[in-house]
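Working notes, beginning with the structure itself.
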Amino acid sequence: MSEQLAAEDVAHDAEFPELVEGLQTRRSGHNFDPEEDISDETLEALIEDAAVAPSSYNLQPWEFVAVQDDERLDEVVELAYGQEHIRDAGTAILAVGHTNAKTADRVFEDWVDAGRMDEETAQQTKAQTAEMYDDDGMGRDYAIRNASLAAENLMLSAHARGLTATPMIGFDQEGIAEFLGLPDDEIPVMLLAVGPSGGEEPDRLPRRSVDEILHRESY
């Protein structure tokens, strides 16, 4: 683990106003500095932050594929229907989701080792989890939901580090899966362009108000 503060070292009722500020000021930017790239150290830190996202039963059912080679970025731009800011960013990261519970053996051992479940309960829960993933539709839903949580963490981490990041779901899913060599049981969920900012962005478009989107007790 890096030198980041461990979650267990933080009071449960601690407040983080800078985190709220980060949430409110994060932008899906498209203006990148094409002359600058992120370092390997920064890339690994972004993935480390993405990996502390919550997931169902802590399965952590995600992978990340980073593309930084210029020629391969050109191919990613083509697969993303010509979104040129990917090339300017210098780094494209594909968040990938598992459609089955392939990490379950290890994860439920961790639950037992941590004293959070006994062996019998862990085996029962693992079997139930695997069964839910056996449904193709549910397995795909789990892949998308869990990997999306991690992708949002990655974007917030980029913002916290002074970088620009923007998510994309408009890309050739089959094409990018083939290009990056994804296993058959893993799916592309979100493509992110990440890199140093190129300066000002257009004003944020209006957001729907809380009064419009908050429903209390029922829709």
Reduced to Cα centres, the span from the stretch 1-63 to the stretch 94-139 in Å works out to 24
With the Cα gyration tensor of the stretch 1-80 giving a ≥ b ≥ c as the square roots of its eigenvalues, does the rule (a/c under 1.5 for rounded; else a/b larger than b/c for prolate; else oblate) give rounded, prolate or oblate?
prolate
So what is the accessible area of the stretch 1-74 per residue, in Å², with the probe set to 1.4 Å?
72
Whenever you get a sec, line up 126, 102 from highest to lowest accessible area (probe 1.4 Å, protein heavy atoms).
102, 126
Of all accessible heavy-atom area on the chain, the percent that carbon and sulfur account for (1.4 Å):
47
Between 92, 66, 50, find the one with the highest GNM mean-square fluctuation for the chain; connect C-alpha pairs within less than 10 Å.
66
Calculating semi-axes √(5λ) of the Cα gyration tensor in Å from this structure picks out, from (i) 34, 18, 14; (ii) 30, 19, 14; (iii) 31, 23, 19, entry (iii)
Roll a 1.4 Å probe over the protein chains and send me the accessible area per residue for the stretch 95-163 in Å².
55
Heads up, I need the accessible area for residue 180: 1.4 angstrom probe, whole protein in place, Å², nearest 10.
30
Could you tally the net charge around residue 112, taking each other residue with its Cβ under 15 Å from the Cβ of residue 112, Lys/Arg +1 and Asp/Glu -1?
-4
With a ≥ b ≥ c the root eigenvalues of the C-alpha gyration tensor of the stretch 94-170, is it rounded (a/c under 1.5), prolate (a/b larger than b/c) or oblate?
oblate
Solvent-accessible surface ranking, highest first, for 28, 157, 218 at 1.4 angstrom:
218, 28, 157
To the nearest 10 square angstrom, what accessible area does residue 16 show with a 1.4 Å probe?
110
What is the magnitude of the charge dipole of the chain about its Cα centre, with +1 placed on the Cβ of each Lys and Arg, -1 on the Cβ of each Asp and Glu, and no other charges, expressed in debye to the nearest 20?
760
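The values are calculated or read from the model by the stated rules, or taken from the named source; none is laboratory data. The shown structure was predicted, so the numbers you read here are calculated from the model rather than taken from an experiment. As a convention, Cβ positions derive from the backbone with ideal geometry for all residues, glycine included, and neighbour counts pool all protein chains shown. SASA here: full protein model, heavy atoms, side chains in, ligands and nucleic acids out. Shrake-Rupley method; radii C 1.70, N 1.55, O 1.52, S 1.80 Å.
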